[in-house]
Amino acid sequence: MIKETDFLVIGSGIAGLSFALKVANHGKVILISKNSLEESNTKYAQGGIAAVTYEPDNFEKHIKDTLIAGDGLCNKETAEMVVREAPAQIKQLIDWGVNFDQNEKGKYDLGKEGGHSENRVLHHKDKTGEEIQNSLVDKVKKHNNIEVLENHFAVDLITQHHLGKLVKRSHNNTECYGAYVLDLQTDKVNAFLAKITLIATGGTGNLYDTTTNPKIATGDGIAMVYRAKGIIENMEFIQFHPTSLYNPGEKPSFLITEAMRGFGAILKTVAGNKFMLKYDKRGSLAPRDIVARAIDHEMKITGDDHVVLDCTHLDPRKLKDHFPNIYQKCLSLNIDFTKNPIPVIPAAHYMCGGVKVDENGASTINKLYAIGEVSSTGLHGANRLASNSLSEAVVYADRAAKDSIKRINLITINSDIPEWDSHGTTYPEEMIMITQNYKEVQQIMSNYVGIVRSNLRLERALKRLAIIYVETEELYEKSILSQKLCELRNLINVGYLILKMAKDLHESRGLHYTIDYPKKGTFSEF
Ligand code: FAD
Ligand code: SIN
């Protein structure tokens, strides 16, 4: 089957939903999501969305904090643009029905997180993401011009390659005509042809066995664009959130928001010793790369499986009021955080790199945009400032929408695209081939490409990944496609890109820390 539309939106997190709402009055939108419309990284966001609202905060301070966190690798123009445009886009979210908490004076209650010099994080208790996701999903479902297709998995982008022409990464005339999409109910792959295609597929957390990301975060968008010969960058900068709840076996790891540290909670060893001031004068509220590395280091010194986040010295009533979701979660594990410290460990959380885009979210492939976590805009540099990703997503949704609306009437759909060829494929005999390789990829990345790296570990990981790559490609060629097989293939592609870029960076920068090039003035691994 071949379906045609003006805008094809792949992904239903804050980025895809916002874009869909902005373009829907200018053409027909098909929005596909591989799971339910509600499931996304966005849904799990806790701390909130960063933007300048009141004095003494100002744009210069937010820009400076972003650049400092990014360890010198942010694009300054991008940071200025996102910071200045974020307030208007947050107002748009509020107009769409999103509620942010206010204080008794009717002003927004602003939280603080690591690396921020001011309180500037708008939030909805400790469930900001759910509030945003539900409000946008509601709006999208009501829009007559948006057709929603859940349980539809984008497999590959369609380009001139599918018309038998040579496509190279160095070419600047590659065009995107839509995507091949696997209908998870029928196991059939259909061609979705579009004038404009938007990738908003989110992150890559499931490359690691401990992650805060839900199962959907398997780097599909990055892998698809890479295979379609688009440019991918900054993949070595994977952010580990310092504080996920230590509860072995639970997947995804439950996040303990950084806003708790902004509220006064302190990191300690299991024995009760504060340690962060040894590493950074900002203590528990230093940027994430530093805190995650410090925790990793302390766990190695003490041999403990985790550290703890102590908030027992804080007002219990206010704590429970601000963090009701975390309170209930901890209580379900017999941890009353007003009386006992919370056991925490770092977990893979956010991909700072991704599909290289310009100031409008346009990728290096014509008619293909990428926004949200899947993209690399230059905002985050070597380390993202907390709560900047939701702001980035809405600013770029607006820019990509405006840019594509301008072009939509000048583009025609390419109707020569062939249907998906599944000739000669069969169902894999044993799913274990896929599930075991999936686990092995996670182990390789967790053990060799984590918070602290070395040339030897990266080399070893590349060799191991190469074996799994060959096995998986062979299986892919002869199989009727399944979600798990496509996700495995994508994770391998993304793992390769991370390893390659990490190996090529001969220094420690932000989230990429290697013992072979230790950074002056920081602690070494041991
Ligand atoms: P997502 O919200 O992840 O949406 C991706 C969508 O794409 C999903 O609908 C998915 O099903 C779909 N998809 C993926 N692959 C395919 C495919 N092949 N075919 C079809 N559909 C596909 N950031 C902040 O700024 N503030 C916070 O407080 C914050 N807290 C966080 C807490 C947690 C626990 C996590 C995990 C992240 C947090 N982040 C936070 C990061 C932030 O939530 C994400 O970066 C952001 O929500 C990403 O939005 P997105 O729209 O780009 O992607
Ligand atoms: C958190 O609430 O700690 C997560 C914020 C983020 O990832 O930006």
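The values are calculated or read from the model by the stated rules, or taken from the named source; none is laboratory data. This one's a predicted model, so the numbers in the text were calculated from it and none came from an experiment. Counting neighbours? That spans all protein chains shown, and the Cβs are built from the backbone with ideal geometry, glycine included. Protein only, heavy atoms only, side chains kept; ligands, DNA and RNA dropped before computing areas. Shrake-Rupley method; radii C 1.70, N 1.55, O 1.52, S 1.80 Å.
Would you check if there is a residue in segment 501-516 being within 16 Å of ligand 2 (Cβ to nearest atom), aliphatic (A, V, I, L, M) and in contact with an Asp or Glu (Cβ under 9 Å, 6 or more places away or on another chain)?
Pass one, segment 501-516, residues within 16 Å of ligand 2 (Cβ to nearest atom): 510-511.
When the remaining residues are screened for being aliphatic (A, V, I, L, M), the result is 511.
Cutting the leftovers down to in contact with an Asp or Glu (Cβ under 9 Å, 6 or more places away or on another chain) gives us 511.
Yes, the conditions are met somewhere in segment 501-516.
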Looking across segment 213-230 at residues that are in a loop (DSSP other than H, G, I, E, B) and of a type in the set (A, V, I, L, M), the single one that is most open to solvent (accessible area, probe 1.4 Å) is ILE216
Can you find a residue that is within 30 Å of TYR448 (Cα to Cα), β-branched (Val, Ile, Thr) and touching a residue at least 40 places away in the same chain (Cβ under 8 Å) anywhere in segment 304-314?
yes
Considering only segment 420-432, I want to know if a residue exists there that is closer than 30 Å to GLY249 by Cα, at pLDDT below 95 and aliphatic (A, V, I, L, M). yes
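Which residues, counting only those in segment 259-285, are of a type in the set (D, E, K, R), more than 20 Å from GLU118 (Cα to Cα) and without any contact (Cβ under 8 Å) to a residue 12 or more places away in the chain? Break it down into steps so the answer makes sense when it comes.
Narrowing segment 259-285 to residues of a type in the set (D, E, K, R): 261, 268, 274, 278, 280-282.
In the following step, the residues that additionally are more than 20 Å from GLU118 (Cα to Cα) were identified as 268, 274, 278.
Scanning segment 259-285 gives a single hit, LYS274.
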request  = With respect to SER375, determine if the residue is touching a residue at least 12 places away in the same chain (Cβ under 8 Å), open to solvent by less than 10 Å² (accessible area, probe 1.4 Å), over 20 Å from ILE231 (Cα atoms) and within 12 Å of ligand 1 (Cβ to nearest atom).
outcome  = no
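Go over the candidates ASP187, ASP220 one by one and state the one that is within 16 Å of ligand 1 (Cβ to nearest atom), over 14 Å from the mean Cα position of the chain (by Cα), touching a residue at least 60 places away in the same chain (Cβ under 8 Å) and under 30 Å from TYR427 (Cα atoms). Show your work before the answer.
Values: ASP220 fails: over 14 Å from the mean Cα position of the chain (by Cα).
Of ASP187, ASP220, the one residue that is within 16 Å of ligand 1 (Cβ to nearest atom), over 14 Å from the mean Cα position of the chain (by Cα), touching a residue at least 60 places away in the same chain (Cβ under 8 Å) and under 30 Å from TYR427 (Cα atoms) is ASP187.
A quick yes/no check of all residues on (1) within 14 Å of ligand 1 (Cβ to nearest atom); (2) under 20 Å from the mean Cα position of the chain (by Cα):
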site: ASN134; (1), (2): yes, yes
site: LYS139; (1), (2): no, no
site: VAL167; (1), (2): no, no
site: SER170; (1), (2): no, no
site: GLY178; (1), (2): yes, no
site: LEU182; (1), (2): yes, no
Criterion first (assigned to a loop (DSSP other than H, G, I, E, B), at pLDDT below 95 and touching a Phe, Trp or Tyr at 6+ places or on another chain (Cβ under 7 Å)) does ASN383 satisfy it? no
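Just checking, does segment 341-358 include any residue being of a type outside the set (Lys, Arg) and more than 26 Å from the chain's Cα centre (by Cα)?
Keep residues of segment 341-358 that are of a type outside the set (Lys, Arg), which gives 341-355, 357-358.
The next check asks that each one be more than 26 Å from the chain's Cα centre (by Cα); those that pass are 341.
So far as segment 341-358 goes, yes, one or more of its residues are of a type outside the set (Lys, Arg) and more than 26 Å from the chain's Cα centre (by Cα).
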Subset of segment 24-51, residues among the aliphatic types (A, V, I, L, M) and away from ligand 1 (no atom under 15 Å from the Cβ), comes to ALA24
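I want to confirm something. Restricting to segment 57-89 and keeping residues that are of a type in the set (Gly, Ala, Ser) and in contact with a Gly (Cβ under 9 Å, 6 or more places away or on another chain), which single residue is surrounded by the most Cβ atoms within 10 Å (Cβ to Cβ)?
By that ranking, first place goes to GLY70.
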Residues in segment 233-261 that are within 16 Å of the chain's Cα centre (by Cα), more than 16 Å from ligand 2 (Cβ to nearest atom) and open to solvent by 20 Å² or more (accessible area, probe 1.4 Å) total 2
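Please enumerate the residues belonging to segment 386-442 that are of a type in the set (A, V, I, L, M, F, W, C), more than 27 Å from the chain's Cα centre (by Cα) and assigned to a loop (DSSP other than H, G, I, E, B).
In the first step, residues of segment 386-442 are kept if they are of a type in the set (A, V, I, L, M, F, W, C); the result is 386, 390, 393-395, 397, 400-401, 405, 408, 410-411, 413, 417, 420, 431-434, 441.
When the remaining residues are screened for being more than 27 Å from the chain's Cα centre (by Cα), the result is 408, 410-411, 413, 417, 420, 431-433.
LEU410, ILE411, ILE413, ILE417, TRP420, MET431, listed by residue number.
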Picking from GLY424, GLY381, GLY361, the residue that is more than 16 Å from ligand 2 (Cβ to nearest atom) and crowded, with 24+ Cβ neighbours inside 10 Å would be GLY361
Consider ALA271 carefully, then state whether it is in a loop (DSSP other than H, G, I, E, B) and surrounded by 24 or more Cβ atoms within 10 Å (Cβ to Cβ).
no
Among the residues of segment 274-316, the number that are buried (at least 19 other Cβ atoms within 10 Å of the Cβ) and assigned to a loop (DSSP other than H, G, I, E, B) is 5
Among residues of segment 33-50 being more than 13 Å from ligand 2 (Cβ to nearest atom) and crowded, with 24+ Cβ neighbours inside 10 Å, the residue nearest to the chain's Cα centre (by Cα) is SER40
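Mind checking whether some residue in segment 191-212 is of a type in the set (S, T, N, Q), within 23 Å of ASP421 (Cβ to Cβ) and open to solvent by 10 Å² or more (accessible area, probe 1.4 Å)? Steps first, answer last, please.
If we filter segment 191-212 for residues that are of a type in the set (S, T, N, Q), which is where we start, we get 197, 201, 204, 206, 210-212.
With the extra rule that they be within 23 Å of ASP421 (Cβ to Cβ), the set shrinks to 197.
Add one more test, that the residue is open to solvent by 10 Å² or more (accessible area, probe 1.4 Å), and what stays is none.
No, that holds for no residue.
Name every residue in segment 267-307 that is among the β-branched types (Val, Ile, Thr) and over 26 Å from the mean Cα position of the chain (by Cα), in order of residue number.
Looking only at segment 267-307, we keep the residues that are among the β-branched types (Val, Ile, Thr), and these are 269-270, 290-291, 295, 301-302, 307.
Listed by number, the residues that qualify are THR269, VAL270, ILE301, THR302.
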Flagged pairs (Cβ under 7 angstrom, 6 or more apart or on separate chains; first in segment 385-403, surrounded by fewer than 24 Cβ atoms within 10 Å (Cβ to Cβ); second charged (D, E, K, R) and in a helix (DSSP H, G or I)) are ASP398/LYS22
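For segment 231-265, name all the residues that are over 20 Å from TYR513 (Cα atoms), more than 9 Å from ligand 1 (Cβ to nearest atom), part of a loop (DSSP other than H, G, I, E, B) and touching a Leu at 6+ places or on another chain (Cβ under 7 Å). Working first, answer last.
Taking segment 231-265 as the starting set, the residues that turn out to be over 20 Å from TYR513 (Cα atoms) are 231-232, 244-265.
Narrowing the set further to residues that are more than 9 Å from ligand 1 (Cβ to nearest atom) leaves 231-232, 245-251, 256, 260-265.
Subsequent filtering for residues that are part of a loop (DSSP other than H, G, I, E, B) retains 231, 246-251, 256, 263-265.
Those that are over 20 Å from TYR513 (Cα atoms), more than 9 Å from ligand 1 (Cβ to nearest atom), part of a loop (DSSP other than H, G, I, E, B) and touching a Leu at 6+ places or on another chain (Cβ under 7 Å): ASN247, ILE256, PHE263, GLY264, ALA265.
Of the residues ALA200, ALA217, only one is at pLDDT 95 or above, touching a helix residue (DSSP H, G or I) at 6+ places or on another chain (Cβ under 7 Å) and within 16 Å of ligand 2 (Cβ to nearest atom); which?
Working: ALA200 fails: within 16 Å of ligand 2 (Cβ to nearest atom).
Step by step, each of ALA200, ALA217 is checked, and only ALA217 is at pLDDT 95 or above, touching a helix residue (DSSP H, G or I) at 6+ places or on another chain (Cβ under 7 Å) and within 16 Å of ligand 2 (Cβ to nearest atom).
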